Amino acid sequence: MNELNELQDIWQTGTNKAKQFSSGTVSESLIEKLKTLESSQTRINRLKIFILIMIFSQMVYWLNRLNAGTIWMYGGLGVIFTGVTVFMLYYMRNQFNIKKLNFTAPSDVFMDEAAHMLEKQNSIFKVPFLLFSACLLIGANIMAIGFSSTHENKFRMHMIYSFLLVVSTFWGHRIRMWRIRKEVTPLLDELKTLKENLKAE
Amino acid sequence: MQKNEKETAFSEIYSGYKDRIYRICYGYIYEKEQVDDLFQEIMINIWNSLERFRGDSTIGTWVYKVAVNTALLYNKKNKFYGKLNFSVPETTIDVETDDSKIREEKLGMLAQCISRLEKNDRIIISLILEELTYEQVSEITGITAGNVGVKVNRIKKKLFNMLKELNYE
């Protein structure tokens, strides 16, 4: 027996944790759990869309009920709704792409695809996020036109809305970018190094 | 693939490959808690990828591809699913004998040495320890069989040197 054969023998038959798997087959409950997990992301996405529709329909309902619905109100709401919907669709498409990642490809191809997917996932926080923020800002300001009658109040409304939105989107973006730098960038670097090492002789 | 076919195929893979997949995880990560975590992630990816199996390669090679790629992308901080709680019996099957104790010690040393290798090398040697051929490793990793051979020789050398340091006999 040569040395590698001995290592193979030790590796495959040693009393390790793996050995403890040796009896029994997969339980039905495990398959049930996997099926639940498979559908959970779809359910979460559906829930997000449902919540979004509920919020907007309630806003339209109450604007009508309180006779506060002016053309400016609906116009602003429309801009916000469009911005949020487009952003959500883009975001969900990215999530769908993660599911499409082909784990059955050879590793060198897989690493390229994974890196590309991660970069694409990050890209949502560049131009799409800026457009989304702009829609919120424009929509809120259009709505503010219909809120108050005096010029002074209108100006104050515009300032408050704009300030709150700019600050919240700025911090939201900053936190996201910080998470990307902390979690995704190291993974991208590692994939690059792994691929270089794999190809090197 | 129909629902029942998918469940049957998964059951067969689980029964036939769980030990081998677990050892791949053990070779790649070594830390117990993370090994369980990676094993779970591989099982989820096998389940999700079953529709992609076209029979172009053997089921074994296909399973190893999913396992290796999941390991390469494994990032414990970046999870988007909850724990599935794969049940693992806590009792050992073997009756403790002197021989099994020695084997366990040797396995511990081997695993420790593998954990000190670079990530790619850990993957390659784990596949070799599962008695895969250079061609199979080549198909899984996408590098040429010749390059696999070069790497295996280098890894073996490193591994035996490390084992020597630990007085492995």
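The values are calculated or read from the model by the stated rules, or taken from the named source; none is laboratory data. If you're wondering where the values come from, they're calculated on a predicted model, not measured in any experiment. Neighbour counts are summed over all protein chains in view; Cβ atoms, including those assigned to glycine, are modelled from backbone coordinates with ideal geometry. Note: areas computed on protein heavy atoms with side chains; ligands, DNA, RNA excluded. Shrake-Rupley method; radii C 1.70, N 1.55, O 1.52, S 1.80 Å.
Shape of chain B from its Cα gyration tensor (a ≥ b ≥ c, root eigenvalues): rounded if a/c is under 1.5, otherwise prolate when a/b > b/c, or oblate? It is oblate, given that a/c is not under 1.5 and a/b is not larger than b/c. As I understand it, the value is the acute angle between the Cα axis of helix A:28-65 and the longest principal axis of the Cα atoms of chain A; what does it come to in degrees, rounded to 10? It works out to around 10 degrees.
By how many degrees, between 0 and 90 and to the nearest 10, does the Cα long axis of helix B:119-129 differ from the longest principal axis of chain B? Its long axis makes an angle of about 90 degrees. In a simple Cβ point-charge model (Lys, Arg +1; Asp, Glu -1; nothing else charged), segment A:156-201 has a dipole of about 320 debye relative to its Cα centre. State the answer as a single residue: which of A:Ala134, A:Pro186, A:Met159 lies farthest towards the positive end of the charge dipole of chain A, with beta carbon charges of +1 for Lys and Arg and -1 for Asp and Glu, about the Cα centre. It is A:Met159, whose Cα lies furthest towards the positive end. Across peptide A:3-10, the mean count of Cβ atoms from other chains lying within 10 Å of each residue's own Cβ comes to 6.
Which of the pairs A:Lys199/B:Lys158; A:Lys126/A:Lys195; A:Lys182/B:Lys65; B:Lys65/B:Lys119 have their Cα atoms more than 24 Å apart in this structure? Going by Cα-Cα distance, A:Lys126/A:Lys195; A:Lys182/B:Lys65 fall outside the 24 Å limit.
Can you send over the carbon and sulfur percentage of the accessible area for chain A, probe radius 1.4 Å, protein chains only? The value for chain A is 65 percent carbon and sulfur by accessible area.
Taking all protein chains together, A:Val184, A:Val127, A:Val167 sort by accessible area into A:Val127, A:Val167, A:Val184, largest first [probe 1.4 Å]. Scaling against 2.2 N^0.38 Å puts the C-alpha radius of gyration of segment B:1-75 at 1.07. In the protein assembly as shown, the calculated helix contribution to ellipticity at 222 nm averages -25500 deg cm²/dmol per residue, counting -39,500 (n - 2.57) for every DSSP H run with n ≥ 4. Ordering A:Lys192, A:Lys100 by accessible surface, largest first, gives A:Lys192, A:Lys100; the 1.4 Å probe counts only protein heavy atoms, with every chain in place.
What angle do you read, to the nearest 10 degrees and between 0 and 90, between the alpha-carbon axis of helix A:185-199 and the longest principal axis of chain A? So the helix axis and the longest Cα principal axis differ by about 30 degrees.
Think of a 1.4 Å ball rolled over the protein heavy atoms: segment B:95-169 then has 49 Å² of accessible area per residue. Sorted largest first, the spans of the alpha carbon positions of the protein assembly as shown along the three principal axes are 93, 42, 38 Å. Take each residue in A:97-107, count the other chain C-beta atoms within 10 Å of its C-beta, and the mean is 6. Of the residues A:Phe125, A:Phe110, ranked by 1.4 Å probe accessible area with the largest first, the sequence reads A:Phe125, A:Phe110. Of all aspartates and glutamates in the structure, not one has an alpha carbon short of 15 Å from that of A:Lys48, not counting any fewer than 8 places away in one chain. Placing +1 on the Cβ of every Lys and Arg and -1 on the Cβ of every Asp and Glu, with no other charges, gives the protein assembly as shown a dipole of roughly 2080 debye about its Cα centre. Averaged over the residues of B:102-114, the number of partner chain Cβ atoms lying within 10 Å of the residue Cβ comes to 4. When A and B come together, around 6300 square angstrom of accessible surface is lost from both chains combined, probe 1.4 Å.
When the surface is traced with a 1.4 Å probe over the full set of protein chains, B:Tyr64 keeps roughly 10 Å² accessible. The overall shape of segment A:142-201, judged from the alpha-carbon gyration tensor, is prolate: a/c is not under 1.5, and a/b is greater than b/c.
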